[in-house]
Structures are given as structure tokens and as C-alpha cells.
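Following: one structure in C-alpha cells, then a few remarks.
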Amino acid sequence: MSSQKLRIAIVGGGIGGLTLAVALSNLHLDEHIQVDIYESTAKLTQVGAGITLWPRGREILKNMGLEESLAERLSADQELPVLGIPKLAFIIRKSDKKNGDLISEAMLPGGSISIHRADVQEVLLKHISPSIKFHLSHRLRTYRQTTDGVVLEFKNDETAVCDLLVGADGINSTVRQTFLAEGRDWSEEEKVKQAAPIWSGTYVYRDLIDSEVIKSEWPNHRALTEPMVYCGKNKHIVAYPVRQGKFVNVVIFLSYREMEGTYHTGPAAVESTPNDCMPHFIDWEDEAVALVKYTTKPSKWAIQTTKPLNSYAEGRVLLLGDAAHAMTLHLGNGAGQAMEDAYFLANILEKAIHQGKPDVLKLARIYSTVRQPFVNFVVQASRNQGLLYELNAPGLENLKDGDDVPRDKLDNLAGLIRKGWDWTWKSADDDLQRALSML
């Protein structure tokens, strides 16, 4: 094995980039690799609120030694589910009338846990090797591949060289811009357009509500202790406890199906008020309306995705997390898939390094070969789940808000929703072993 360390540059210090740093730290590869994380902001912060972790992702976090630390941040009412044992994942209701209907109390093997994004970041940072270097205020301008490595150029006029570049810089990824343009004679305008996110047609209003505020009027509100989904035509509300039960994470969805696939104009996120969305829920059951009422300063987000890619790797460059496959929120798996990307890549790197001088081009291809088809499936599955939550299942196409739905159709909808989660409790180990066998 060569004594020269493999130089790995991670662009982006979000959940995906930090998980890769933890996974590499866990494998004790310090004497073989040099890892540098380049983050555009001056301080590592997490935008957003809750993250849902399903058994597939929890198994990976357990393998990395993170599950116990994450469990300490669950609410007092939320115990860590036992993998493989059925547990309530969501209570799902048709809430678009004063007397709502139960769609399903979805029991899934291993259930799910909900945790604040900032808590996840804190846990990840505590498990990163001190040998991994952070470079803040380093916004990537572009990169270029050479026969010997990848040259990174930053907007602060600094440069760096690596053997493997990992683009983990989110939905507006600069790495993806150059990645897509390689080998193509695109203008700068075309380069930006091809890499730009596309709008799902859905806005979400996010807020964290102090649990004490809800308890003052609704001491037994289900969202204080249970994960809830309140459904209506082209809109729904997801709510669950976070930060040890101190807050309820509320996400209100409003969809305009005819706008799906367009480019969103204006900022993707703006500050809002409860009045923006309250008129859409005024006739809903009181339990759901209360959550809208209790929001104070919700942030309004245009939920955007990325166009599906044929490959997540090109030469010495690969994409991870939202930079590769930004998806809708409806299966709560964007962060989970970024973590899975990171775990796979770290394990592929470890085996390649211990085999001798690693072939960077080969290991990048293997990563893409295994991850691209699976995560593109997850992207589509997440979109489909959103259609079901918003009562766009087969047979409900002409449904209007408040219309009654026969029990047999609600049961059919419940079955489709449960089926959408089937893959979330199946181990990723078979896919990982397949990737490792390709080396």
C-alpha cells in the first residue's frame, strides 16, 4: 500500500457530509486518508426542524455507534422502538370536515423515531475524528478534474486539490452544476438551468410549537405524544413531538398539482403567518385546526426536487444526499438516504483501501451503480406517498374537501399508504454487500 494518504474533499457540512465524516472516523482510517470538509457558511447550522428515522436508517446509525446518543434526545413519551417489533408509525386521519375519520393507525416493524435536525447535527459532530479538518466560509466556485486529482476553486480565491471529491452541498449544489456540464458545451446560463431544482408544486409551512401552549387548551392533543398525519384534498398536516417533547414539529402542506415540474420563482423560503394557510383548513376537524392556529412564525418553503440523474459519479467526483437526489418530504427519508449514501461510500472506501492502492474511479462507479437505482426509486415512492396523503389515490380523483368516503375506500387507501413504507424497514445490508463484492 502506498504511504501517501488518499485525499478526500467533502463539499457541504450538512447531515450527509457530517455522516460521511462520522462513518470514516468510525472505520479508523486516519493513517490512510486525509479528509477535509468545506462549508460555505461561517458557522455550521441546520435549517429545518424534524427528521424521521426509519428502521433501515436506524440500523445504519446503530452500526456507526450513534443510536444510543440519538435516543437520549427523544421525548420522554417516545421510547426507542425495537427493530423488527411492530410499533405505531403514524395515526392517519381524514380531517377535512368537523368530524374526521380514521384512515389508519399504521403499525410498522420497528416503527419510527422523530428527532430535531439540530440534535442530529450535535450528535454527528461529537463523533467526528479530530483529524478531519473543517474549512468554513469556503463556497465552491467550480472544480476541474485532472489526471492526478481534482482541483477545487473557492469564491474566497483559495484552491485545494483532492483525489476524490464528494458533493454533499445540497439541493443547490455547485458540484452538481459542474458535474452535469462535464463533457458538454453549455453556456453558463444553460449550466445553471440544467442543475436548478424543480418545484414539486407543494408549499410547506414549518413551525415548532411549544408543547405547553398546546397543553393549555388541548392537554390530550395526540400530536403531543404521537406522530400524526391529517389528510385532505391536495393538502395535509404532519405533526409529532421533538426535543424531548418540549415542542411539536408541525408541517402544513398545500399542493398545486398543475405546477409540478415547473421552476419556482422567487426565494424558496420566506417568513409567513398562520393567516396564510388558515383559510384552507377552516372547516377541518378542531384537532387539526388547532395546530394551524398555534403556529406563530411559520416559514414557508417551496418544496423542490432535483431531476433524476443517470449516474451519481463522474470520474473522481460523486454526489451524495440532496446534491444527487433531493426529494419530497412525504416518506421522511431525505436525510435518511443521505446518511445511507455516506455509510455505503465509507464502507466501499474502507475495503478498497485495505485491498491496496484504491482505484478511485472504480469505487466511485460502484457507489453509483448501487445507490442510483435504489435512491431514484425512493424519490418516486416519496412522491407517490404525497399523492396518497392528499387523497389522490385511484378512485378518489374527483373527491372534494369534506366529501364522505366509504369505509372500504378508506381501508384501500390505508393499505396503499402502509405499502409505501414497506422498504423502510428492510435492511440495506444486502445492497452494501453487493457493492463490496464488486471490488
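The values are calculated or read from the model by the stated rules, or taken from the named source; none is laboratory data. All values derive from a computational prediction rather than experimental measurement. Counting neighbours? That spans all protein chains shown, and the Cβs are built from the backbone with ideal geometry, glycine included. Ligands, DNA and RNA are excluded from the accessible area calculation, which covers all protein heavy atoms including side chains. Shrake-Rupley method; radii C 1.70, N 1.55, O 1.52, S 1.80 Å.
Per-structure values
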quantity	calculated
For the range 96-178, Kirkwood radius (reciprocal of mean inverse C-alpha pair distance, Å)	17.4
About the Cα centre, charge dipole magnitude for the chain (Lys/Arg +1, Asp/Glu -1 at Cβ), debye	400
Crossing angle, helix 117-126 versus the chain [Cα axis fit, 0-90 degrees, rounded to tens]	30
Pairwise Cα inverse-distance average, inverted: Kirkwood Rh of the chain (Å)	22.6
Helical mean residue ellipticity (222 nm; -39500 (n - 2.57) per DSSP H run of 4+; nearest 500) of the chain	-10500 deg cm²/dmol
Using alpha-carbon coordinates, inclination of helix 407-420 to the longest axis of the chain, degrees	10
Under 12 Å, Cβ to Cβ, from THR52 - net charge with Lys/Arg +1 and Asp/Glu -1	+3
Partners for LYS426 among lysines (Cα-Cα distance below 18 Å; same-chain residues under 8 apart left out)	LYS62, LYS87
Prolate/oblate/rounded label for the range 198-305 (Cα gyration tensor, a/c 1.5)	prolate
Binned Cα-Cα distance frequencies in the range 127-282 - 10 Å width, integer %	8, 24, 23, 22, 17, 5, 0
Å² per residue, accessible surface of the chain at 1.4 Å	42
Degrees, to the nearest 10: 360-389 long Cα axis against longest axis of the chain	10
Cβ-based charge dipole, the range 318-408, positive-most Cα from THR328, ASN347, GLY386	ASN347
Partners for LYS419 among aspartates and glutamates (Cα-Cα distance below 17 Å; same-chain residues under 8 apart left out)	GLU105, GLU390, ASP408, ASP411
Whole-percent carbon and sulfur share, accessible surface of the chain, 1.4 Å	49
